[in-house]
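Heads up: the structure comes next, in structure tokens.
Any read-out appearing in this document is the output of simple, stated calculations on the displayed coordinates, not a laboratory observation. For clarity, every value in this text was computed on a predicted model and none was experimentally measured. Methodologically, a virtual Cβ is constructed for each residue, glycine included, from the backbone with ideal geometry; neighbour enumeration extends over all protein chains shown.
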Amino acid sequence: MSTKKLFSILILMLLVQLPLLALAKEHNGEDLEIFGLEVEKLLAFVSAHLAAALAILILIAYARTRRNKLLFVAFAFFQ
């Protein structure tokens, strides 16, 4: 997959989330919810998957180049 396609997919993933946040409603001081899911939990879910995707991409880059520095970066994303 080319870099442009990957970058476009990541940008689209982020842009899809913005309208959902606009639809969020607060009920009597409770947490914001979108379609019955708390926004905080939804964002944590999305950020965890984004970090996992980045770690996998870095491991693929490591397999191609064998630069040890990339292993440190991949480890940072896995935490």
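Estimate the FRET efficiency between LEU43 and PHE75 by the formula 1/(1 + (r/R0)^6), using the beta-carbon distance for r and 30 Å for R0, to the nearest 0.05.
Numbers: r = 23 Å, r/R0 = 0.77.
Plugging the Cβ-Cβ distance into 1/(1 + (r/R0)^6) gives 0.85.
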* Residues with beta-carbon under 14 Å from that of LEU43, excluding LEU43: net charge, scoring Lys, Arg +1 and Asp, Glu -1? -> -3
* Could I have the simple spin-label model distance between ARG64 and LEU15, label points 7 Å from Cα toward Cβ, reported in nm to one decimal? => 2.4
* **Centroid-to-centroid separation of the stretch 57-79 and the stretch 27-56 [C-alpha atoms, Å]** => 26
